[in-house]
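Presented below is the structure to which this report refers.
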Amino acid sequence: MSISHAPPDSSEPDISPISGSPKTDTDDRSSFDLVPLVPTSSRRTRVPRWLRRTTGPLVLLALWQLLSSTGMLTSDVLASPGRIARVGWDLIDSGALASAMTTSLQRVAIGLLLGTVIGTGLALVSGLFRVGEDLVDAPVQMLRTVPFVGLIPLFIIWFGIGEAPKVAIITLGVTFPLYLNVYAGIRGVDSQLIEAGESLGLSRWGLVRHVVLPGALPNAMTGLRYSLGIAWLALVFAEQINADAGIGFLMVQARDFLQTDVIVVCLIVYAFLGLLADFLVRTLERLLLQWRPTFTGR
Amino acid sequence: MATDVHGPVSPQAATPSPVTTQAVRVEGLTRSFDGRPVIDKLQLDVQQGEFVALLGRSGCGKSTLLRILAGLDRDIEGTVLVPRRKAVAFQAPRLMPWKKVWRNVLLGLPGKPERAVAERALAEVGLGDHSDAWPKTLSGGEAQRASLARALVREPDLLLLDEPFGALDALTRIKAQRLVGELWQRRGCAVLLVTHDVEEAVLLADRVLVMDDGVIAHEQHIDLNRPRDITDPRFAELRAGLLERLGVDTAAEAA
């Protein structure tokens, strides 16, 4: 038995010791070494994870500061971190940042609200009714392919240069990802659950309320997350044009005076707001989707 | 239509005035898929409080028949009379994952039923302490029992079971079968159990029907005393007879 198995197995590793007869092969087997399996906890390094994760950004920051203070990086290209911190503090202290943030947040909030209502509403109409699908889905899919930022000139002609075109751009950007995801969510609800709901005597509206809408919720949350990301993006675009308040206005002003420090502060604020929005959606997901049996990571 | 009756007629079937005691009446039922009849002029009567098991090879139309009786498939010809209050338990528990177990049990009940109603039904299937759990935390057997509680809380006159134990492991299945037997005896509702497990059918049913070619091809009354003992030679005899009807030769196995 062992002879028939020997050639394919042993031909490659046993090149040098040709003298090794099949008998020594069995001897080897009786005297193999035991290898200890080390538990993962004892193999782990001493440095805590968060420290290792913060090291990279800190090194980068130190390098930046070093380049700035040695004069290799001039302030009209990029201000030093220390200077940015000081300018940031000044902007907070004078209240300029707070009022700009309030204006910007208001624009995003209104645009998000309108976009959510429109996007979800359209998705419900085309998701729940076949007539609605025929009437709504085709035009929405068509409009979706138009890059919404490209509509800014048209919006300025239509809505002037006040708040309306800015909110409209955000609304438009928010509507489509929500529409697509809610629609997909509604159509993706398990037909077996619908059937079970029917067998339990649920009415049409009962099925929508207790089966279809909760089933579409995970997708809707994904859509909301996309929408939030796009809302900030749309805000940046909208505020670069004819704004007289808001973070974008601060940036445009800073650009005219070559204040790279203010620009970086504004970018940091945008990033911070985006992070905050993501945190809010995550919290919402944790609260609303705790029933989900999916894998949530180890 | 080869409906031959083996053995003595059971007491339920012998009761007079058949019109008032029927839980299901099906006459000349036909259901076709793309012109091919899966159920072909089928006759079926189930008495009130009777436990009927429906056997058949896969694809013989037994699940289709159950779906029709549940009112989930209306693409039919013929007469189908079923009680207004009926409930289904499917092979998969089909609990709504976004509702706690007790809300699943109450789902679709008319009015605003109290949580205690659900708790009682859950206690009846031995899940009293899981009423506040999410379905994802239940084991397969627990989820199936919750599904059973959801069916029972409707106080059905007809309980339709579509291979409810098919996906359970062997031990859990034995317990679930026993539970269904007990619940049926306590509630007294008519039960139609669709299964492919001959032993399960003989264990639980008053009457076993074998479906073939879209009709009830064979009927077998089971007049063994309850609780039934699978080691009883008469049990084995009935089982072997039904298996033979289903095209499985048990002579070699029995030897």
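Excluding residues on the same chain fewer than 8 positions from B:K41, give the lysines whose Cα lies under 16 Å from its Cα. Within reach: B:K62.
Cross-link partners for B:K86 among the aspartates and glutamates, with Cα-Cα distance under 17 Å and sequence neighbours closer than 8 places in the same chain left out: A:E195, A:E198, B:D45, B:E50, B:D73, B:E155, B:D157, B:D162, B:E163.
Once you divide the Cα radius of gyration of region A:174-289 by 2.2 N^0.38 Å, the number left is 1.54. Counting Cβ atoms of other protein chains within 10 Å of each Cβ in B:88-100 and taking the mean gives 5. Just B:P164, B:P83, B:P110 to compare: in a GNM of chain B, with alpha carbon springs under 10 Å, which one fluctuates most? Highest fluctuation of the listed residues: B:P110.
Multiply the residue separation of A:Q290 and A:I241 by 0.36 nm, subtract the distance between their alpha-carbon atoms, and state the gained length in nm to one decimal. Working shown, then result.
Numbers: separation 49, 0.36 × 49 = 17.64 nm, distance 4.20 nm.
Roughly 13.4 nm would be gained on extension.
Under a crude label model (7 Å from the Cα following the beta-carbon direction), how far is A:D256 from B:S58 in nanometres? Between A:D256 and B:S58, the simple spin-label model gives 7.5 nm.
Can you pull the semi-axes for chain A, root of five times each eigenvalue of the Cα gyration tensor, sorted largest first, whole Å? Display every interim value, and only then the final one.
On the way: eigenvalues 548, 304, 68 Å².
Largest first, chain A gives 52, 39, 18 Å.
For region A:170-191, backbone nitrogen atoms closer than 14 Å to the point 7 Å from A:Q141 Cα along Cα-to-C-beta are found at A:180-181, A:183-184.
How about B:K100: which lysines have a C-alpha closer than 19 Å to its C-alpha, ignoring those fewer than 8 places off in the same chain? Filter leaves B:K112, B:K136. Estimated from helical segments only, the mean residue ellipticity of chain A at 222 nm is -23000 deg cm²/dmol, where each DSSP H run of four or more residues counts as -39500 (n - 2.57). Charged side chains reduced to their Cβ positions (Lys and Arg at +1, Asp and Glu at -1) give region B:166-251 a dipole of some 500 debye around its Cα centre.
Put simply, the Cα atoms of region A:136-221 extend 56, 22, 20 Å along their principal axes, the longest span coming first. Among B:D75, B:D34, B:D129, which one moves the most in a GNM of chain B with springs linking Cα atoms closer than 10 Å? Looking only at B:D75, B:D34, B:D129, the biggest GNM fluctuation is shown by B:D34.
Helix content alone sets the calculated 222 nm mean residue ellipticity of chain B: runs of n ≥ 4 DSSP H residues at -39500 (n - 2.57) each, divided across all residues, give -9500 deg cm²/dmol. Multiplying the residue separation of A:L61 and A:R187 by 0.36 nm and removing their Cα-Cα distance gives an extension gain of 40.6 nm.
With r as the distance between the Cβ atoms of A:E133 and A:I161 and R0 = 51 Å, compute the FRET efficiency 1/(1 + (r/R0)^6) and round to 0.05. Could you put the intermediate results ahead of the total?
Numbers: r = 38 Å, r/R0 = 0.74.
With a Förster radius of 51 Å, E is 0.85.
Helix B:115-124 versus the longest principal axis of chain B: what is the Cα-based angle in degrees, 0 to 90, to the nearest 10? On a 0 to 90 degree scale, this one is about 40.
Using a Förster distance of 25 Å, how high is the FRET efficiency between B:R187 and B:E114, based on the Cβ-Cβ distance and rounded to 0.05? That pair, B:R187 with B:E114, gives E of 0.75. Projected label points at B:L81 and B:E244, each 7 Å from Cα along the beta carbon direction, are separated by 3.6 nanometres. How far apart, in nm, are the 7 Å Cα→Cβ label points at A:Q106 and B:E199? So the two model labels end up 7.5 nm from each other.
So, counting K/R as plus one and D/E as minus one, what does the shell of residues with Cβ under 13 Å around B:Q43 add up to?
Details: positive: B:R25, B:K41; negative: B:E27, B:D40, B:D45, B:E219.
Surrounding charge for B:Q43 is -2.
Each value in this text was obtained by applying a stated rule to the coordinates, not by laboratory testing. What you see is a predicted model; the values in this text were computed from it and never measured. Every residue, glycine among them, receives a Cβ derived from its backbone with ideal geometry; neighbour counts consider all protein chains shown.
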